[in-house]
Amino acid sequence: MDQKIHWETVYETKSPEQVSWTQEIPKTSLDFIKSFRLPKSAKIIDIGGGDSRLVDFLLKEGFEDITVLDISAKALDRAKDRLGDKAENIHWVVSDITQYKPTTTFDIWHDRATFHFLTTTEQISKYLEIARNSVEGYMTIGTFSENGPDKCSGLQVKQYNEETLSTELQNGFRKIRCINEDHVTPFQTSQNFLFCSFERRRF
């Protein structure tokens, strides 16, 4: 099934309480972003941000230059509706990440649960090429770990451990740290995630 049709359907038919990835407070993502100790003017992009509440918390923290990208326009519309007037302060991008053509660079690239949906070598290569060309500072990626699910929203995912994720990013990025975390879904099941942060390096 076409990826865009799949995700538009998900966001048209399911509420936040009916999808596994919903978080009331994206604490781990916020902790990683704060750990980079960048000024509030830092340019941040949330890859596959959908209607995640991360953008709400970044605004509360005082960050001034936030981009949210998602393949689903419906997901971004939900976030805009929730934010109200504050949505005008956000750059919204409807795009498949592997087809994204950034017009700027970013100090922080955040991705919780998008990268693991890329299951082919071609998809992963395109993603990493875009990241290398647009990340100036840091990246944080959250994927299902080897102890996590092998599917999400009916789609196959690629599981990672610290070594395999670091190996994928070693061309262009230096690993800073990784943690594993159990995410409790709205329906009280547990999903084990791997979160890693990286610094952009140039040779």
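With the helix formula -39500 (n - 2.57) applied to DSSP H stretches of n ≥ 4, the chain reaches a computed 222 nm mean residue ellipticity of -8500 deg cm²/dmol.
Computed from phi, the 3J(HN,Hα) profile of the stretch 86-91 under the Karplus parametrisation 6.51, -1.76, 1.60 (θ = phi - 60°) reads 5, 4, 5, 8, 10, 8 Hz, with x in place of Gly and Pro. With each label modelled as a point 7 angstrom along the Cα→C-beta vector, the GLU136-ARG201 pair spans 2.1 nm. The Rg/Rh ratio for the chain is 0.92, where Rg is the radius of gyration of the alpha carbons and Rh is the Kirkwood radius. Take the Cα of ARG82, step 7 Å toward its Cβ, do the same at THR120, and the gap between the two points is 3.2 nm.
For the chain, the relative contact order comes to 19 percent (Cα pairs under 8 Å, sequence separation of at least 6). With R₀ fixed at 41 Å, the C-beta to C-beta distance from THR103 to ASP2 puts the FRET efficiency at about 0.95.
Taking a Cβ cut-off of under 9 Å around ARG174, the surrounding Lys, Arg, Asp and Glu residues balance to a net charge of +2, with basic ones at +1 and acidic ones at -1.
Across the stretch 110-154, the residues whose backbone nitrogen lies under 11 Å from the label position 7 Å along the beta-carbon direction of ASN180 are 145-148.
Relative to the globular-protein estimate of 2.2 N^0.38 Å, the Cα radius of gyration of the stretch 113-203 stands at 1.10. Each 5 Å bin, from zero up to the one with the longest distance, holds this percent of the alpha carbon pairs of the stretch 52-118: 3, 14, 28, 27, 20, 7, 1. Between GLU163 and ASN89, the contour length at 0.36 nm per residue exceeds the alpha carbon distance by 22.9 nm. Build a GNM of the chain with springs between Cα atoms under 10 Å: which of ALA87, ALA131, ALA75 gets the top mean-square fluctuation? Top of the fluctuation ranking is ALA87. Between ILE90, ILE44, ILE71, the residue with the greatest mean-square fluctuation in the GNM of the chain (Cα pairs under 10 Å linked by springs) is ILE90. Note on the chain: with a GNM built from Cα contacts shorter than 10 Å, the maximum mean-square fluctuation among GLU61, GLU162, GLU181 falls on GLU61. Relative contact order of the stretch 120-203: 36 percent, from C-alpha pairs under 8 Å at least 6 residues apart in sequence.
For the chain, CYS152 have no disulfide-compatible partner, since no other Cys C-beta lies under 4.7 Å from theirs.
No lab work stands behind these numbers, since they all come straight from the coordinates. Since this is a predicted model, take the numbers as computed values, not measurements. As a convention, Cβ positions derive from the backbone with ideal geometry for all residues, glycine included, and neighbour counts pool all protein chains shown.
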